[in-house]
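> Right, I'll just put the structure down here and ask away after.
The values are calculated or read from the model by the stated rules, or taken from the named source; none is laboratory data. All figures in this text were calculated on a predicted structure; none of them were measured in a lab. Positions of Cβ are generated from backbone atoms using ideal geometry, with glycine treated the same way; all protein chains shown enter the neighbour counts.
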């Protein structure tokens, strides 16, 4: 669906990539389509993991829908999200790794902020399919936002919060007929270096999304 939007997404992201790593112009996503999708119980029935992905990119509209479902703001007055967060720390960041580069999803502006240009999908997992799949989401927690928690609680609650986001993505993909799999097999050191993460930021999981092959 949405061939014009798909073309627009490719042009926008390719243009940013060709401008070089110094040009960090955000990509403004279209508003999420909150009225679409299958009923919840049907989505549960269809939810499953897949490791066969068509390499064609998703339209920008579908990417917006996906990210809003993952961890977008669903209560504007409070800034709270579609996924629960312990103590409302909102310590999880969603990085979007595409062929054109890596981006940070900003729920407040519904936009993508470029982190790096170039294809770093190979760093998002050990499986061969991650290198060609159109989208690899990377869930990164920032322990600095959980300053009042002890080390054990930081690990426990942040892992649970990432799980909520990953399941939101599973249900959205089931509802929209997309292929998806969550992955723990990640070279966290190399990926952290590729995404230029700080010392308080930790890669927890990655999740691959695309059209089924």
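> Please go through region 126-140 and give me each residue that is at pLDDT below 95 and either surrounded by 21 or more Cβ atoms within 10 Å (Cβ to Cβ) or within 17 Å of residue 28 (Cα to Cα) (or both), ordered by number.
none
> Let me ask something additional. When region 183-198 is examined, which residues are found to be at pLDDT 95 or above, in contact with a helix residue (DSSP H, G or I) (Cβ under 9 Å, 6 or more places away or on another chain), surrounded by fewer than 19 Cβ atoms within 10 Å (Cβ to Cβ) and not in a helix (DSSP H, G or I)?
Selection gives 198 alone.
> Among the residues of region 102-120, is any in a helix (DSSP H, G or I), modelled with pLDDT of 95 or more and crowded, with 19+ Cβ neighbours inside 10 Å?
No, there is no match, as no residue in region 102-120 is in a helix (DSSP H, G or I), modelled with pLDDT of 95 or more and crowded, with 19+ Cβ neighbours inside 10 Å.
> Which numbered condition trips up residue 110, out of (1) closer than 21 Å to residue 68 by Cα; (2) touching a strand residue (DSSP E or B) at 6+ places or on another chain (Cβ under 7 Å)?
(2)
> List every residue pair whose Cβ atoms sit under 6 Å apart, with the two residues 6 or more apart in sequence or on different chains, where the first one lies in region 27-46 and is under 8 Å from residue 175 (Cβ atoms) and the second, anywhere, is surrounded by 15 or more Cβ atoms within 10 Å (Cβ to Cβ) and modelled with pLDDT of 95 or more.
Sorted first by the residue in region 27-46, then by its partner, the pairs are 37/175; 38/175; 43/171; 43/174; 43/175; 46/174.
> Here is a follow-up. Out of the residues in region 64-89 that are in contact with a strand residue (DSSP E or B) (Cβ under 7 Å, 6 or more places away or on another chain) and crowded, with 21+ Cβ neighbours inside 10 Å, which is farthest from residue 206 (Cα to Cα)?
Across region 64-89, the extreme among qualifying residues is 81.
> Name every residue in region 124-143 that is touching a strand residue (DSSP E or B) at 6+ places or on another chain (Cβ under 8 Å) and not in a loop (DSSP other than H, G, I, E, B), in order of residue number.
Passing the criteria: 124, 129, 130, 135, 136, 137, 138, 139, 140, 141, 142, 143.
> Can you name every residue in region 47-60 that is without any contact (Cβ under 8 Å) to a residue 60 or more places away in the chain and part of a loop (DSSP other than H, G, I, E, B)?
Matches in region 47-60: 59 only.
> Tell me, please, whether a residue that is outside any loop (DSSP other than H, G, I, E, B), surrounded by 15 or more Cβ atoms within 10 Å (Cβ to Cβ), on the phi < 0 side of the Ramachandran plot and modelled with pLDDT of 95 or more can be found in region 28-43.
Checking region 28-43: at least one residue is outside any loop (DSSP other than H, G, I, E, B), surrounded by 15 or more Cβ atoms within 10 Å (Cβ to Cβ), on the phi < 0 side of the Ramachandran plot and modelled with pLDDT of 95 or more.
> Given (1) modelled with pLDDT of 95 or more; (2) crowded, with 21+ Cβ neighbours inside 10 Å, identify the lone condition not met by residue 143.
(2)
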